[in-house]
1. What FRET efficiency would be calculated for the residue pair residue A:43, residue A:265, taking the C-beta separation as r and a Förster radius of 45 Å, to the nearest 0.05?
2. Might you list the cysteines of the protein assembly as shown that have no disulfide-compatible partner by the rule of another cysteine's Cβ under 4.7 Å?
3. Separation between the residue A:103 and residue A:245 pseudo-spin-labels, each 7 Å from Cα along Cα→Cβ, expressed in nm?
4. Semi-axes of chain B's equivalent ellipsoid from the Cα gyration tensor, sqrt of 5 times each eigenvalue, largest first, rounded to whole Å?
5. Based on the Cα gyration tensor of the range B:86-153, what are the three equivalent ellipsoid semi-axes, each the root of five times an eigenvalue, rounded to whole Å and given largest first?
6. Please quote Rg/Rh for the range A:66-267 to two decimal places, taking the Kirkwood radius as Rh and restricting both calculations to Cα atoms.
7. Within 10 Å of each Cβ in peptide B:115-123, how many partner chain Cβ atoms are there on average? Round it to a whole number, please.
8. Label-point separation (nm) for residue B:260 and residue B:111, each offset 7 Å from Cα along Cα-to-Cβ?
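Every number here is computed from the coordinates shown, using simple stated rules; none is lab data. Computed from a prediction, not measured in an experiment: that's the story for all the values here. Counting neighbours? That spans all protein chains shown, and the Cβs are built from the backbone with ideal geometry, glycine included.
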Amino acid sequence: MTWHVDAELLQAYERGSLTPSRVMAVDAHVQACAACRAAVPADTAWLDRTWLAVADTVVTGRPGRAEWLLRRVGLPEHRVRLLAATPALRWSYLAATAAVLALAVATAYTGQSAARTTLVLFLVFAPVLPVLAVATAYGPPADSMHEITSATPMAGPSLVLWRATAVVGPAMGMEMIAAVASPGPGWWAVAWLLPAFLLCVGTLALATVLPLARAAGLLGGTWLLVALAAGSSAPLVQGVLFGPAAQVGYLVAVIAAIAVLTLRRRHLNPGESR
Amino acid sequence: MTTVRVGELRKRFGATVALDGLDLEIGVGVTGLLGPNGAGKTTLLRCLATVLAPDHGRIEAYGLDPADSRQRTALRRRLGYLPQSPGLYPNFSAAALLGYVAVLKEIVDPRQRRTEVHRALEEVGLSDRANVKVRKLSGGMRQRLGVAQALLGHPDLIILDEPTVGLDPEQRMFFRTLISRLGETRTVLLSTHQTEDAGALCERVVVLREGRAVFDGAPRALAQLAEGQVWRSAGPPEGRTMYWRTAEGDYRTLGPQPPDGVAVPPSIEDGYLKLLGPAPAAGTIR
């Protein structure tokens, strides 16, 4: 080292009164010389904060599309992180659901005798799809990291409810688009909404007594059995399952299920080994 | 100082008894669990990690009882757990994955969380892989990331189920340094099949067999179980004893002295094999 930053030069450097070329010379020297570097006063707290901010920008990267959407809805950042890891919110799951719905809509447009059956089947199966999303929103079959999740303080009923709420939205939204795009009468597009909502809330309410997956299987299975039994005639499906009286019944049941879920939410059983 | 107490712990899976009235007390430091497959190591670790409820018996960790839901949550706040199959999301980057687990550990403040994530990555030597997706990390790096998530939030009780699986010798050495440092102030409980790791890392070793502790003591004491029963000889021993041909071309025997046998100091593996006896078919380590 041929020279060092003397006191006078250091003062000028700190004041910012040096010419750019001399600043660069001092910078280069300070980087290589530990003694002179130590002489330059530094705000360690500021340096730490700045370094952390740089590391954040470099390390964290851009949020995924699902995260971006959830943040636009106004959810706090940490909540978004939790929800973005929900298995049923992954693109693969959403893409598979969209593909099945697109196929159903396409079949309904074929104009053949199968088209009418497809529409009836759509009505029967539509309420079960969100239940599947709820059943796989939390727990070992769908979540590969469940073992780690379940040993953390956030594990348990409130995480199940958050995730269930997060998955019902996209599932029902996609079905809504499919229903509106289908060639059936206008009421078809909304007739399945209340039963779907009832099956979701009912599953969560029943999960305060049974494990979540079993509750979903029981309610979804019962719905399919009843609907397919009535499905031998289209008018029967429309009248018994989706008529005005049935819709009022669903509404009452939804209110009852919400009440049960609110009162017993602490007992929600996500189906863990505990 | 005892931090974790387990009493009369029983757990069955159908007809299989995983834990058969296990009693154990663990304190600050590194305790290693050894035992053949199916001995109950993972079941014990899962019970202590609060993810599995025992059929019978009691667990108390840092004065908290995981059978009570409030105390269980309080215990989870002091817990770091690496399961045998962590199932880390392949499409998450290392930093994003740790960020997610940090939220699960209630580190809600973004600034604090980021600091914690950087610290954990640094601790396992993965700072330069922060942006790399989990699926692109090597097996050893994934294992290190698994340990990093367990270290988030400075847990008092660290439970690691086979943390050294899939690591090369250099990475294992890195782990030994890290785990022994953690053991200075925290309760670290790990399971392993590597008797070498247990000897190098743990101040205490518990050997489980069929859901019961059959040995509990220092690694040296485990080795001493085979004292005076380990031999080197030019030719193979007679009869049904455990022996193998060494790289030097002579034979190492565990059992009665062969005709030309010279006694050698026993290793922890010798003590372990002596304790558990030969496996039913092959006579090698289970």
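1. In this case the efficiency is close to 0.40.
2. Isolated Cys, the protein assembly as shown: A:200, B:47, B:202.
3. In this crude label model, residue A:103 to residue A:245 measures out at 3.7 nm.
4. Taking √(5λ) for each eigenvalue gives 37, 23, 16 Å, largest first.
5. Each semi-axis is the square root of five times an eigenvalue, giving 18, 12, 10 Å.
6. Using Cα coordinates only, the ratio equals 0.98.
7. Neighbouring Cβ atoms belonging to other protein chains average 2 per residue here.
8. According to this spin-label approximation, the distance is 7.5 nm.
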